[in-house]
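The block underneath contains the structure these notes are about, expressed in structure tokens.
The values are calculated or read from the model by the stated rules, or taken from the named source; none is laboratory data. This is a predicted model, so every value here is computed, not measured. When we count neighbours, we look across all protein chains shown, and the Cβ atoms used for this are built from the backbone with ideal geometry, even at glycine.
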Amino acid sequence: MNKHHRMSLMVVCSVSLALAACESSTHGDAAPAAAMSPAAAAPVASTSGAATETVIPAGFSSYASESIGDGRQCVVGAAVDQDGMNQKPVVYIEQTSGKPVWTRTLELPKDTYQSRATHCLHQDDALYVLLQSDTQPQQSLSQTLLRVVELDAGNGAVRGGGDVAVPGAQGAYSAVVAEGAQHLRWDDGQLIVAGQYFLLDAPDQRIDFQAQLKADLGR
């Protein structure tokens, strides 16, 4: 093989390698970015940003209101769909004029199909809202479960939440907390939830209970 022929082959090989490298680089640019680690990608379930709505949802009914000072009230209740079903818990702060400062529709607790916010308790810069949530549309099979959600009183941001463990309840049960500030209150640094529960197989036998939660709701 003469010198000129060898040089030609070398040039061809160099060009081929360059084209292959370009093709590989092009494919690499088109590929999706590396997936985020689970820790980085997972949303924070217990918190959310400041409330951005100031309009009370359609279909809203109030369950309770509580003065929180500075001429403001915490109003809690539920909004229903066009068929008057599927309650979603709603909480908002309003001025004495009745104008909402912020409104927030809370997420349904896990394994429930509807929920209502029934009590609001103010402590320092926080609101503690009691949710009473149903697990099924069929009343005879549905359980009503309790959960407390903590919000920032200033902007409605959700800070956390905790399920209410009903003392003495075993098996399938349903709990209810009647209206009135005495049923959601502070006592010696603990959040008290007081109500009644019954077992699904004995719905006429109501049993009083009083549950306690830490101020941080177990966080």
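Just one of T96, T105, T112, T118 is hydroxyl-bearing (S, T, Y) and more than 29 Å from Q190 (Cβ to Cβ); which is it?
T96
Any idea which of G218, G171, G189 is at pLDDT below 95 and more than 23 Å from Y128 (Cβ to Cβ)?
G171
Does the range 49-79 hold any residues that are assigned to a loop (DSSP other than H, G, I, E, B), free of Cβ contacts under 8 Å to residues at least 60 places away in the same chain, surrounded by 16 or more Cβ atoms within 10 Å (Cβ to Cβ) and within 18 Å of the chain's Cα centre (by Cα), and which are they?
P57
More than 21 Å from L108 (Cβ to Cβ) and either of a type in the set (S, T, N, Q) or assigned to a loop (DSSP other than H, G, I, E, B) (or both), is that true of A202?
Considered against the rule, which asks whether it is more than 21 Å from L108 (Cβ to Cβ) and either of a type in the set (S, T, N, Q) or assigned to a loop (DSSP other than H, G, I, E, B) (or both), A202 comes out as yes.
Scanning for something assigned to a loop (DSSP other than H, G, I, E, B), among the β-branched types (V, I, T), surrounded by 14 or more Cβ atoms within 10 Å (Cβ to Cβ) and touching a helix residue (DSSP H, G or I) at 6+ places or on another chain (Cβ under 9 Å), does the range 160-175 turn up at least one residue?
So far as the range 160-175 goes, no, none of its residues is assigned to a loop (DSSP other than H, G, I, E, B), among the β-branched types (V, I, T), surrounded by 14 or more Cβ atoms within 10 Å (Cβ to Cβ) and touching a helix residue (DSSP H, G or I) at 6+ places or on another chain (Cβ under 9 Å).
Just one of (1) in contact (Cβ under 8 Å) with a residue 24 or more places away in the chain; (2) surrounded by 15 or more Cβ atoms within 10 Å (Cβ to Cβ); (3) part of a strand (DSSP E or B); (4) not hydroxyl-bearing (S, T, Y) trips up A194, so point out which.
For A194, the exception is condition (1).
Which is touching a strand residue (DSSP E or B) at 6+ places or on another chain (Cβ under 9 Å), in a loop (DSSP other than H, G, I, E, B) and of a type in the set (V, I, T), of T103, T118, T112?
T112 is the lone residue from the list that is touching a strand residue (DSSP E or B) at 6+ places or on another chain (Cβ under 9 Å), in a loop (DSSP other than H, G, I, E, B) and of a type in the set (V, I, T).
Counting just the residues of the range 126-158 that are part of a loop (DSSP other than H, G, I, E, B) and within 13 Å of the chain's Cα centre (by Cα), which one comes out surrounded by the fewest Cβ atoms within 10 Å (Cβ to Cβ)?
A157
May I ask you to verify whether A64 is within 27 Å of Q210 (Cβ to Cβ) and in contact with a helix residue (DSSP H, G or I) (Cβ under 9 Å, 6 or more places away or on another chain)?
yes
Please specify each residue of the range 204-219 satisfying the condition of being surrounded by fewer than 17 Cβ atoms within 10 Å (Cβ to Cβ), touching a residue at least 12 places away in the same chain (Cβ under 8 Å) and at negative phi.
Of everything in the range 204-219, those that are surrounded by fewer than 17 Cβ atoms within 10 Å (Cβ to Cβ), touching a residue at least 12 places away in the same chain (Cβ under 8 Å) and at negative phi turn out to be I207, D208, Q210, Q212, K214, A215, D216, R219.
For the range 112-125, does any single residue satisfy the condition of being in contact with a Ser or Thr (Cβ under 6 Å, 6 or more places away or on another chain), among the small types (G, A, S) and buried (at least 16 other Cβ atoms within 10 Å of the Cβ)?
Checking the range 112-125: at least one residue is in contact with a Ser or Thr (Cβ under 6 Å, 6 or more places away or on another chain), among the small types (G, A, S) and buried (at least 16 other Cβ atoms within 10 Å of the Cβ).
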